[in-house]
Amino acid sequence: QQQVKQSPQSLIVQKGGISIINCAYENTAFDYFPWYQQFPGKGPALLIAIRPDVSEKKEGRFTISFNKSAKQFSLHIMDSQPGDSATYFCAASYYSGTYKYIFGTGTRLKVLA
Amino acid sequence: DTAVSQTPKYLVTQMGNDKSIKCEQNLGHDTMYWYKQDSKKFLKIMFSYNNKELIINETVPNRFSPKSPDKAHLNLHINSLELGDSAVYFCASSQGGTGLRETQYFGPGTRLLVL
């Protein structure tokens, strides 16, 4: 119940295409869902985050879609660029005495030039 | 200026040894974290310190002991290293203590290889 399932494991997209990464969770206590971007040899960096009271959040080319009833959320990268090639992690967080958070297993995205 | 720095960048050592990884942040943040990323890229929180006080201590072997001499530093000491400890260890910091609910700034990672 504490897992966050992320798919696909890897993704290849043509330049200009849309990259879609999906995550699903079971624990309804989760109430904050960030996405992290990690380039090879670097630490993760926060990309965008959403709370379950909204169904969509957009920042530039990055959009999170959130489906509370299905307990799923996804990251859409519009007009994907080679510079977007990285590993993307979804995560989920809730509070239970302390803040708890679980990461997804990561998606390695490659955008072809 | 590096916001979150870690030393060493690479660490190769034998099983059974004791080693330390140091982390420093110059962002004035109150909270620091240690994460472990295994060979499959799975990322997991290990510890979190807020103003030198331990606030998160996930299920981690007792061989791992964090130490925070001040709020700008969080070191990780590992005793009796095992093969399974081979991973990349990331230090991170954030302004408050709400974990992923706020922007965390990650260090470049320390690549530990236990032979």
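Of A:13, A:55, A:77, whose Cα points farthest to the positive end of the dipole of the range A:4-112 (charges on the beta-carbon: +1 Lys, Arg; -1 Asp, Glu; origin at the Cα centre)?
A:13
Pull up the cross-link candidates among the lysines for residue B:9, meaning alpha carbon to alpha carbon under 23 Å and not fewer than 8 places away within one chain.
The reachable lysines, counting only those whose Cα sits under 23 Å from residue B:9, are A:42, B:19, B:22, B:36, B:40, B:41, B:44, B:67, B:71.
Distance between the C-alpha centers of the range B:101-115 and the range A:48-113? Whole Å please.
20
For the range B:4-114, compute Rg over Rh where Rg is the Cα radius of gyration and Rh is the Kirkwood radius from the inverse mean 1/r over Cα pairs. Don't skip to the end; give the middle numbers.
Values: Rg = 12.9 Å, Rh = 13.7 Å.
Radius of gyration over Kirkwood radius for the range B:4-114 works out to 0.94.
Mind listing the phi-derived Karplus ³J(HN,Hα) values for the range A:25-38, rounded to whole Hz, using 6.51, -1.76 and 1.60 with θ = phi - 60°, and x for any glycine or proline?
Couplings: 9, 10, 6, 6, 6, 4, 9, 8, 9, x, 10, 10, 10, 10 Hz.
Residue by residue through the range A:41-55, which ³J(HN,Hα) values in whole Hz follow from phi under the Karplus form 6.51 cos²θ - 1.76 cosθ + 1.60 (θ = phi - 60°), with glycine and proline marked x?
Listing the rounded values in order: x, 10, x, x, 9, 4, 9, 6, 9, 9, 9, x, 7, 10, 9 Hz.
If the convex hull of the alpha-carbon atoms of the range A:4-112 is projected onto planes in all directions, what is the mean projected area in square nanometres?
Hull-based average projected area comes out at 6.6 nm².
What is the order of A:94, A:88, fewest Cβ neighbours within 10 Å to most?
A:94, A:88
Quick check: convex hull over the Cα atoms of the protein assembly as shown, volume per residue in Å³, rounded to an integer?
Spread over its residues, the Cα hull of the protein assembly as shown gives 127 Å³ apiece.
Report, as an integer, the average count of C-beta atoms from other chains found within 10 Å of each Cβ along B:35-41.
On the way: counts 3, 0, 7, 0, 0, 3, 9.
Per-residue shielding by partner chains comes out at 3.
Throughout, read-outs are computed from the coordinates displayed, never taken from laboratory work. Please read all numbers here as calculations on a predicted model, not as lab measurements. Quick reminder, even Gly has a Cβ in these numbers, built from the backbone with ideal geometry, and neighbours come from all protein chains shown.
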